[in-house]
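The values are calculated or read from the model by the stated rules, or taken from the named source; none is laboratory data. Just so you know, these numbers come straight off a predicted model, no measurement behind them. Glycine also receives a Cβ, built like all others from the backbone with ideal geometry; neighbour counts cover every protein chain displayed. The protein model used for the area step is the full one, side chains on, heavy atoms only, and it has no ligands, DNA or RNA in it. Shrake-Rupley method; radii C 1.70, N 1.55, O 1.52, S 1.80 Å.
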There are 2 protein chains.
Amino acid sequence: MITKRVLFTKLIFCLVMTGGGMAAAQAADSLASWNDGKAKQSIIEFVATVTKKGSPNFVPPAERIAVFDNDGTLWAEQPMYFQVLFALDRVKALAPQHPEWKDKEPFASLLKGDVKGAMADGMKSVVEIIMATHAGMTTAEFETIVSDWIATARHPTTKRPYTEMVYQPMLELLDYLRANGFKTFIVSGGGIEFMRPWSEKVYGVPPEQVIGSSIKVKFDLREGTPVLVRLPELDFFDDKEGKPIAIHQQIGRRPIAAFGNSDGDLQMLQWTTAGQGPRFALYVHHTDAEREWAYDRKSGMGRLDKGLDEAQAKGWTVVDMKQDWKVIYPFEKQ
Amino acid sequence: MITKRVLFTKLIFCLVMTGGGMAAAQAADSLASWNDGKAKQSIIEFVATVTKKGSPNFVPPAERIAVFDNDGTLWAEQPMYFQVLFALDRVKALAPQHPEWKDKEPFASLLKGDVKGAMADGMKSVVEIIMATHAGMTTAEFETIVSDWIATARHPTTKRPYTEMVYQPMLELLDYLRANGFKTFIVSGGGIEFMRPWSEKVYGVPPEQVIGSSIKVKFDLREGTPVLVRLPELDFFDDKEGKPIAIHQQIGRRPIAAFGNSDGDLQMLQWTTAGQGPRFALYVHHTDAEREWAYDRKSGMGRLDKGLDEAQAKGWTVVDMKQDWKVIYPFEKQ
């Protein structure tokens with residue numbers, strides 16, 4: 001039994017709750033930064049297909065799971081992953097507490113400004129730098145460190161805050177999918193605790209929908225107060241085969257749409273499109289050396305080689321950034 | 001700009017979407033299976049506190065995270081965890097494919113109907129039985145096995161389907177919290193893939209809000225089709241210290257309310273209540289030998305000892321099932 005008063009309360013509640021969203025009727029215009037073309041068209045057609053009631057391809061809202069890679073898909077990843085730049089900044093900040101670093105690689109080279117020298121040992125160097133800067137503190141302390149850095153740090157070439165180096169067309173896409181009943185998740189090779197402090201504000205993706213790589217944590221009672229302490233030990237590397245595994249373990253449903261930009265996303269796109277019913281897979285192809293960066297098959301960072309072949313073979317959507325996007329970053333809109 | 005037509009669409013959409021829920025004004029009555037008393041009162045007061053706009057204790061909906069243990073908190077756990085009963089049934093079903101089991105413990109005793117003998121080696125026996133019955137198949141195959149079992153298996157003493165042995169007052173509590181903007185999660189020591197196939201239907205908790213213990217899975221391409229294969233290796237044991245760790249890794253926000261029934265939930269309740277602002281912790285105390293089971297400090301299954309002391313010391317809510325619940329199971333309502 002719905003009384004008049006309850007009905008009225010519901011209406012007001014609903015208006016407040018949906019005021020910031022957009023109605024389905026406005027959806028097509030909401031991809032305003034996308035040039036008309038095959039990529040934009042494929043997105044709109046897919047969304048129309050799965051949301052059409054009564055159609056055999058209709059997908060109930062609960063199953064409209066969309067997964068997005070982060071580095072190179074939602075924000076830039078050049079000249080190197082932003083989390084690596086964060087780690088380099090942390091080495092500098094922590095150096096006074098570590099006098100031994102001035103004679104110890106990879107820190108010594110790094111502190112002299114020689115990033116290339118510091119990276120001489122490849123992944124080994126990266127892991128040492130990550131563990132030295134990402135572990136040893138409580139989870140609450142690390143959240144503060146990330147929040148402070150993201151609020152103040154600037155990208156080395158654009159001099160913009162990192163959170164402004166997100167792709168405007170992808171922000172619109174996230175909104176568009178959510179307006180059509182999708183639940184949007186991030187599934188990134190980046191650290192889960194590096195993304196969560198700002199993902200809700202920047203992408204509208206709440207912490208519980210952010211999946212990523214992680215290090216182990218330990219539960220401890222400090223004077224009766226429980227804390228979680230970050231340990232210098234990898235828990236999970238959310239890349240390649242790791243992505244479908246993490247999706248399965250943490251979401252427990254197969255996505256119907258997946259968005260990536262590199263070979264590290266290939267298994268996620270394969271896993272998504274192997275499900276029954278309508279599926280959508282999209283690669284962002286970095287083709288714009290002028291407004292962003294151009295790289296693909298031979299890049300160290302965000303290599304797109306096997307993925308590009310498979311996308312062509314399987315008819316997945318490939319976004320040509322130069323052709324398909326009116327603007328790259330939100331600050332270009334003005 | 002909201003046009004009249006868009007406004008109308010929103011109203012209709014909202015009515016449809018909230019038709020099955022309940023308005024806050026009706027909330028108190030929605031705990032109909034709870035006797036009036038301290039436990040019910042404490043729940044209502046907490047919800048009123050965190051939802052009161054303008055109050056310093058107001059908590060925004062996005063932060064209203066509530067976590068529930070499953071075994072002994074949302075459904076029964078006697079004479080032993082239902083997942084163990086599932087495993088025992090699976091041993092019988094798989095026996096024809098494993099002739100070697102008739103000479104190999106713990107399977108030999110089990111197949112003779114001697115459960116106690118099969119459990120002679122304690123956890124070692126349990127792990128052997130779990131791995132033999134929970135691994136070796138794809139995740140899709142396992143989902144089918146669980147779905148088939150939960151639809152047909154019956155509890156050894158009540159002869160009811162297991163999904164009817166859920167606690168009616170807790171179902172009402174889940175609904176009540178969601179009607180007040182809470183996001184409800186399960187955080188169980190039980191297997192995540194044992195719960196997900198039915199958690200949405202039975203508890204209204206979608207798979208992506210179910211956290212539990214897990215075994216490792218491997219990504220594989222079978223004739224070009226990706227599958228995830230379940231491996232006989234523990235990935236994560238979601239009990240005791242594991243619960244706050246899993247909450248942190250998978251939700252990324254500290255809950256404001258936590259519900260459990262055993263010492264295995266203690267760290268989750270400690271972690272929840274250690275946050276700033278209003279917090280709520282509740283223990284279900286099994287005190288009703290007639291309608292359910294009575295057990296606490298000395299029980300092997302669901303022991304509540306340290307937790308009971310801490311609840312009393314800290315003023316957490318302790319539900320006396322015999323006193324506080326009008327009915328235990330949904331089928332008693334008629």
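Conditions (1) among the polar types (S, T, N, Q); (2) out of contact with any helix residue (DSSP H, G or I) (no Cβ under 7 Å at 6 or more places or on another chain), marked per residue:
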{"residue": "B:GLY136", "(1), (2)": "no, yes"}
{"residue": "B:HIS155", "(1), (2)": "no, no"}
{"residue": "B:PRO206", "(1), (2)": "no, no"}
{"residue": "B:SER213", "(1), (2)": "yes, no"}
Open item on the list: Just the residues that are polar (S, T, N, Q), crowded, with 18+ Cβ neighbours inside 10 Å and either over 14 Å from B:SER214 (Cα atoms) or modelled with pLDDT under 95 (or both), please, taken from region B:107-148.
Closed with: B:SER125
TODO: Quick one: count up the residues across region B:32-66 that are under 21 Å from B:TYR329 (Cα atoms) and crowded, with 20+ Cβ neighbours inside 10 Å.
DONE: 5
- [ ] Working carefully through the options A:MET165, A:MET195, A:MET170, find the one that is at the interface with chain B (Cβ under 10 Å from one of its Cβ atoms) and touching a residue at least 40 places away in the same chain (Cβ under 8 Å).
- [x] A:MET195
Task: Residues of region A:276-296 classified as within 11 Å of another protein chain (Cβ to nearest Cβ) and within 17 Å of A:LEU177 (Cβ to Cβ), total - done: 0
Open item on the list: Going by what's in this entry, would B:PHE194 be described as open to solvent by less than 10 Å² (accessible area, probe 1.4 Å) and either farther than 22 Å from A:THR139 by Cα or in a helix (DSSP H, G or I) (or both)?
Closed with: yes
- [ ] Enumerate the pairs (first residue in region B:211-234 and under 19 Å from B:GLY190 (Cβ atoms); second residue anywhere and assigned to a strand (DSSP E or B) and of a type in the set (S, T, N, Q)) with beta-carbon separation below 6 Å, excluding pairs fewer than 6 apart on the same chain, so at least 6 apart or on different chains.
- [x] B:GLY212/B:SER188
- [ ] Return only the number of the condition from (1) open to solvent by 40 Å² or more (accessible area, probe 1.4 Å); (2) touching a residue at least 12 places away in the same chain (Cβ under 8 Å); (3) touching a helix residue (DSSP H, G or I) at 6+ places or on another chain (Cβ under 6 Å) that B:LYS102 does not satisfy.
- [x] (2)
Task: Inter-residue pairs, beta-carbon under 8 Å, first of a type in the set (A, V, I, L, M, F, W, C) and in region A:288-299, second open to solvent by less than 50 Å² (accessible area, probe 1.4 Å), 6+ apart - done: A:TRP293/A:ALA76; A:TRP293/A:GLN78; A:TRP293/A:HIS286; A:ALA294/A:HIS286; A:ALA294/A:THR287; A:ALA294/A:ASP288
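Let's see how each residue does on (1) free of Cβ contacts under 8 Å to residues at least 40 places away in the same chain; (2) in a helix (DSSP H, G or I); (3) under 23 Å from A:LEU234 (Cβ atoms):
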position	(1), (2), (3)
A:VAL59	no, no, no
A:ALA66	no, no, no
A:GLU77	no, no, yes
A:MET80	no, no, yes
A:ALA87	no, yes, yes
A:LYS92	yes, yes, no
A:ALA95	yes, yes, no
A:LEU110	yes, yes, yes
A:ILE130	no, yes, yes
- [ ] For B:THR157, indicate whether it is assigned to a loop (DSSP other than H, G, I, E, B) and surrounded by fewer than 16 Cβ atoms within 10 Å (Cβ to Cβ).
- [x] yes
- [ ] Give the number of residues within region B:323-333 that are at pLDDT below 95 and either open to solvent by less than 40 Å² (accessible area, probe 1.4 Å) or under 25 Å from B:ASP239 (Cβ atoms) (or both).
- [x] 0
Task: Conditions (1) touching a His at 6+ places or on another chain (Cβ under 9 Å); (2) surrounded by fewer than 17 Cβ atoms within 10 Å (Cβ to Cβ); number of the one not met by A:ALA93 - done: (1)
Task: Positions within region B:177-191 being more than 17 Å from B:ILE247 (Cα to Cα) and open to solvent by 10 Å² or more (accessible area, probe 1.4 Å), in sequence order - done: B:ARG178, B:ALA179, B:ASN180, B:GLY181
- [ ] Would you kindly identify the helices (runs of 4 or more DSSP H) lying entirely within region B:205-322 that contain at least 2 residues that are surrounded by 21 or more Cβ atoms within 10 Å (Cβ to Cβ) and of a type outside the set (A, V, I, L, M, F, W, C)?
- [x] B:242-250, B:266-273
Open item on the list: Report every pair of residues separated by at least 6 positions or lying on different chains whose Cβ atoms are under 9 Å apart, first residue within region A:135-146 and without any contact (Cβ under 8 Å) to a residue 24 or more places away in the chain, second open to solvent by 10 Å² or more (accessible area, probe 1.4 Å) and part of a helix (DSSP H, G or I).
Closed with: A:THR144/A:PRO197
